[in-house]
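Asks: The structure is given below, and queries will be raised subsequently.
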Amino acid sequence: MKHHAIEELQGVAEVKQDLPRRSLSRTERLERWAELLERSPHRRLSTLHETEYQPAHVRATMRGDGTPISVAFEDPVLRTAGMDNDSYGEAKRFFELSDEQLHKVICYCHFGATVSASTAARHIRAMLVENQPGLFARLRQIFFG
């Protein structure tokens, strides 16, 4: 995917910037991202190198072609929902992830130069259950309100 500034595109096409943004919950955004990756489970995606060692301002601007983040950004549904680019910082903001969570999906130190789309999707799906209460907490809620 080649990226262009809006100003460049306006010279060759009519660019509409007033499209309504569709509101998706954090869970819906993460599920959509995982589903997009699962469409091509064997696809090899690029990782980002040593995200944990970069200063926050550098880490926020990190990006690469063919990363799990760029798969999400290619999706018109996620872009309409508010995903503005395919940088690390934007993925962190848009998907409401901590550095630790995003690091598990995208960092070179876990997978080497590439990660399979299915592995990235599995890590994203794991984030969906991280915040769910455990069995005993759910039982306590059922019996004691």
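The values are calculated or read from the model by the stated rules, or taken from the named source; none is laboratory data. Predicted model, so just to flag it, every value in this text is computed and none were measured. When we count neighbours, we look across all protein chains shown, and the Cβ atoms used for this are built from the backbone with ideal geometry, even at glycine.
Asks: Considering every residue within the stretch 89-109, establish whether at least one is closer than 15 Å to Leu36 by Cβ, touching a His at 6+ places or on another chain (Cβ under 8 Å) and part of a helix (DSSP H, G or I). Quick ask: steps written out before the conclusion?
Replies: Taking the stretch 89-109 first, the residues closer than 15 Å to Leu36 by Cβ are 91, 94-95, 105-106.
Filter again for touching a His at 6+ places or on another chain (Cβ under 8 Å), leaving 105.
With part of a helix (DSSP H, G or I) added as a condition, the list becomes 105.
Yes.
Asks: Among the residues of the stretch 34-49, which ones are farther than 17 Å from Asp99 by Cα, not small (Gly, Ala, Ser) and not in a strand (DSSP E or B)? Write out each step before concluding.
Replies: So the first thing to find is which residues in the stretch 34-49 are farther than 17 Å from Asp99 by Cα, and the list is 34-46.
If we keep only those that are not small (Gly, Ala, Ser) as well, we get 35-39, 41-45.
Selection gives Glu35, Leu36, Leu37, Glu38, Arg39, Pro41, His42, Arg43.
Asks: Of the residues Arg125, Arg26, Arg32, Arg43, which single one is touching a residue at least 40 places away in the same chain (Cβ under 8 Å) and surrounded by fewer than 16 Cβ atoms within 10 Å (Cβ to Cβ)? First the steps, then the outcome.
Replies: Numbers: Arg125 fails: surrounded by fewer than 16 Cβ atoms within 10 Å (Cβ to Cβ); Arg32 fails: surrounded by fewer than 16 Cβ atoms within 10 Å (Cβ to Cβ); Arg43 fails: surrounded by fewer than 16 Cβ atoms within 10 Å (Cβ to Cβ).
So the residue among Arg125, Arg26, Arg32, Arg43 that is touching a residue at least 40 places away in the same chain (Cβ under 8 Å) and surrounded by fewer than 16 Cβ atoms within 10 Å (Cβ to Cβ) is Arg26.
Asks: Further question: Which residue pairs have Cβ atoms under 8 Å apart, sit 6 or more places apart or on different chains, and have a first residue in the stretch 68-86 that is under 11 Å from Leu36 (Cα atoms) and a second that is of a type in the set (S, T, N, Q) and crowded, with 17+ Cβ neighbours inside 10 Å?
Replies: Ile69/Ser87
Asks: How many residues does the stretch 87-101 hold that are free of Cβ contacts under 8 Å to residues at least 60 places away in the same chain, under 19 Å from Glu31 (Cβ atoms) and either small (Gly, Ala, Ser) or in contact with a helix residue (DSSP H, G or I) (Cβ under 8 Å, 6 or more places away or on another chain) (or both)?
Replies: 6
Residue by residue, here is whether (1) within 19 Å of Met127 (Cβ to Cβ); (2) acidic (Asp, Glu); (3) surrounded by fewer than 20 Cβ atoms within 10 Å (Cβ to Cβ) holds:
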residue: Ala60; (1), (2), (3): no, no, yes
residue: Asp65; (1), (2), (3): no, yes, yes
residue: Glu74; (1), (2), (3): no, yes, yes
residue: Leu78; (1), (2), (3): yes, no, no
residue: Gly82; (1), (2), (3): yes, no, yes
residue: Asn85; (1), (2), (3): no, no, yes
residue: Glu90; (1), (2), (3): yes, yes, yes
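Asks: For the stretch 92-118, what are the residues that are surrounded by fewer than 16 Cβ atoms within 10 Å (Cβ to Cβ), more than 18 Å from Glu74 (Cβ to Cβ) and of a type in the set (S, T, N, Q)?
Replies: Ser98
Asks: Pick from Thr51, Thr61, Thr47: which is of a type in the set (S, T, N, Q) and farther than 16 Å from Phe111 by Cβ?
Replies: Working: Thr51 fails: farther than 16 Å from Phe111 by Cβ; Thr47 fails: farther than 16 Å from Phe111 by Cβ.
The conditions single out Thr61.
Asks: Mind checking which residues of the stretch 1-33 are at pLDDT below 95, outside any loop (DSSP other than H, G, I, E, B) and acidic (Asp, Glu)?
Replies: Selection gives Glu7, Glu8.
Asks: List the residue pairs whose Cβ atoms are under 6 Å apart, where the first residue sits in the stretch 54-67 and is charged (D, E, K, R), the second is crowded, with 18+ Cβ neighbours inside 10 Å, and the two are 6 or more positions apart or on different chains.
Replies: Arg59/Thr51; Arg59/Tyr88; Arg63/Asp86; Arg63/Ser87
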